[in-house]
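The values are calculated or read from the model by the stated rules, or taken from the named source; none is laboratory data. The structure displayed is predicted, hence computed values, not measured ones. Positions of Cβ are generated from backbone atoms using ideal geometry, with glycine treated the same way; all protein chains shown enter the neighbour counts. These accessible areas exclude ligands, DNA and RNA; they are computed on the full protein's heavy atoms, side chains included. Shrake-Rupley method; radii C 1.70, N 1.55, O 1.52, S 1.80 Å.
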Amino acid sequence: MTEATTFKPPQSAYQLQPPPKLELLILSHAKLTSMLCPYCHSPLQETAILTKSDQQATTYECFTCGGHWFPRWLANDISLSQANNADSITPQTSINPPEFPRCPECQNRLSLIKHDSVPRGLHVYTCPQGHGNFFPKGELIQFKKAQEAKITYHQVWGIPIKSIFAVLLPVALVLSLAVGIPLTTRQVQQSAETRISADEVFSSPIITQIPPDSISLSFSTTLTGSTTITLYQNNQPINTYTASSTPTTIHTTTLKNLVPNLPYTFTITLETATDTIVSKPYSLSLSP
């Protein structure tokens, strides 16, 4: 009588393989660039990231020290989970920060942001020419946590945000003045392209509910001008609100007498000295 033998499948047939580490997933979609990390001077790698509106954008990661270079304004427009993914990269080495980190695009000295939008103790650098922001390892996720906490505070307590820059990183005009380059608003406007897309003009609005039936809107524009908000219901305009009657880059207004749970959309119209620019539609709904 022949002894029965038990078939044993290959180990790989029944054992689940562990997923690849997050840093390898990011690295597989990265492309080496000629820009150097402001901290360790290693080549930065171009990496895709999703914005809050699920649009693909580009950041530049340092896989040596774990730092991140974000083009102007982009750090304001990513979610906490995206920031956590980016900051989960394991650096290859720890370094001592240089005395004067430099912009990877123009080589000017970066400045630490000392502003309401960045909590004390965090290190977030900015380019004086407005090219972007540098976050050393660990600072990006801390910045986004603080930003989300401040926005939640205003939403929970129904306190309008007086300035968009109380929670968002400042744009180039503010930073230029901080480093002693006295650019006027008109000079900044003239240096921009004559034709500019609406996505490049308007920041993502911050929506703060004010019980019982109002919403505060705060946003900024890269061009100076006056702004109005057009509110729609079922694709029909029902009201217009003035956000800023005089030319500025920081805009706030309050939408009143809204009906809870009713879906609304709104657009922003910017009037500059030479152009009229209308934003894409935004959605909002008042919670009961």
Which numbered condition GLU200 fails, given (1) over 22 Å from the mean Cα position of the chain (by Cα); (2) closer than 24 Å to SER117 by Cα; (3) open to solvent by 50 Å² or more (accessible area, probe 1.4 Å)
(1)
What is the residue count in segment 64-86 for residues that are open to solvent by less than 20 Å² (accessible area, probe 1.4 Å) and over 15 Å from ASN133 (Cα atoms)?
1
Check ILE89 against each of (1) free of Cβ contacts under 8 Å to residues at least 12 places away in the same chain; (2) crowded, with 21+ Cβ neighbours inside 10 Å and name the one condition it does not meet.
(1)
What is the one condition in (1) at pLDDT below 90; (2) small (Gly, Ala, Ser); (3) out of contact with any Lys or Arg (no Cβ under 9 Å at 6 or more places or on another chain) that SER218 does not satisfy?
(3)
What is the residue count in segment 251-288 for residues that are part of a strand (DSSP E or B) and open to solvent by 60 Å² or more (accessible area, probe 1.4 Å)?
4
Looking at (1) assigned to a strand (DSSP E or B); (2) touching a Pro at 6+ places or on another chain (Cβ under 6 Å); (3) farther than 21 Å from ALA75 by Cα, which one does LEU217 not meet, given that it meets all the others?
(3)
Report yes if GLN82 is under 16 Å from LYS144 (Cβ atoms), modelled with pLDDT of 90 or more and not small (Gly, Ala, Ser), otherwise no.
yes
For THR248, all conditions in the list (1) of a type in the set (Ser, Thr, Tyr); (2) surrounded by fewer than 20 Cβ atoms within 10 Å (Cβ to Cβ); (3) touching a residue at least 40 places away in the same chain (Cβ under 8 Å) hold save one; what is the number of the exception?
(3)
Quick one: would you say PHE135 is at pLDDT 95 or above and not aliphatic (A, V, I, L, M)?
yes
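Let's see how each residue does on (1) in contact with a strand residue (DSSP E or B) (Cβ under 8 Å, 6 or more places away or on another chain); (2) buried (at least 20 other Cβ atoms within 10 Å of the Cβ); (3) at pLDDT 60 or above; (4) basic (Lys, Arg):
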residue	(1), (2), (3), (4)
VAL118	no, yes, yes, no
GLN147	no, yes, yes, no
THR152	no, no, yes, no
GLY158	yes, no, no, no
LEU175	yes, yes, no, no
